[in-house]
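Data first, discussion second: the structure below is written as structure tokens.
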Amino acid sequence: MHKRIMMIKGDITHLPVDAIVNAARTSLRSGGGVSGAIHRAAGPKLKKLCQQQRHQQGACPTGHAVITDAGNLPSRKVIHAVGPVWRWGWRATLKQSQLASAYQNSLLLAVEHGLQTIAFPAISTGHYHFPRLLAARIAITTVRDFLKSNPVISQVIFVCFSERDAAIYQTSLDFYLKGEDDLC
Ligand code: AR6
């Protein structure tokens, strides 16, 4: 059966979906991690598109997202979403809502552009040190709630780069999508 929300273990740059999401920084400059991999695979065109975007609209604030073409990638578009840098203590609540916003704003952009299949990496869980289990919960519940009211998006794929992330996502998907037979 077709699953509207699913998880795979692998490299997001290989996926021929409508849009892959980049864990970007506010400057939209390429960094390490998934953004480095996306920029390498997309070629110099993507760097130019990101520069143009920055010159036209300025930096992309935390929790927001912008969309560009995808250069040499097999996907049609890249959605550059800026997740928060994790902090413990009183800022933790803000960080969680910023992470949810990064997913939500990416999905809104996808809907605006008529994109139906979207792949997400685990935003903020690398260089930005967001706790992985908490990030998976926010990612899954935000996407789940969005898809319930947005029939346009036919599939969201969570791409896990490690065995550890794949195990976290599998357990979390089983838990948070229990009873959601139309989504999984
Ligand atoms: N496919 C899928 N997931 C990947 C890939 C890949 N090819 N490569 C890494 N990941 P990170 P952040 C996973 O650090 O924490 C960057 O330098 C990785 O295992 O890329 O949001 C940016 O330029 C991890 O689970 O993003 C920013 O400055 C997840 O992607 C900053 O780091 C996110 O890790 C963003 O930090």
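What to note about this one:
- What separates the Cα centres of the range 119-149 and the range 1-57 is a distance of 16 Å.
- Cα-Cα pairs of the range 73-113 separated by more than 13 Å (percent): 58 percent
- Average accessible surface for the chain: 49 Å² per residue, computed with a 1.4 Å probe over protein heavy atoms with every protein chain in place.
- Lysine pair count for the range 1-80 with Cα-Cα distance under 26 Å and sequence separation of 8 or more or different chains is 5.
- Intensity falloff of the range 1-72 expressed as log10 I(q)/I(0), Debye formula with alpha-carbon point scatterers, at q = 0.11, 0.14, 0.15 Å⁻¹: -0.30, -0.47, -0.53
- Taking amide H as placed 1.01 Å from N in the peptide plane, the amide H of C160 sits under 5 Å from that of I8, K9, G10, each at least 5 places away or on another chain.
- Tensor-based shape of the range 5-176 (alpha-carbon gyration tensor, a/c under 1.5 rounded, otherwise prolate or oblate): rounded
- CD proxy at 222 nm, helix term only [per DSSP H run n ≥ 4: -39500 (n - 2.57); per residue of the chain; nearest 500]: -13500 deg cm²/dmol
The values are calculated or read from the model by the stated rules, or taken from the named source; none is laboratory data. Small disclaimer: the values here were computed from a predicted structure and weren't measured. Accessible surface areas use protein heavy atoms only, side chains included; no ligands, DNA or RNA. Shrake-Rupley method; radii C 1.70, N 1.55, O 1.52, S 1.80 Å.
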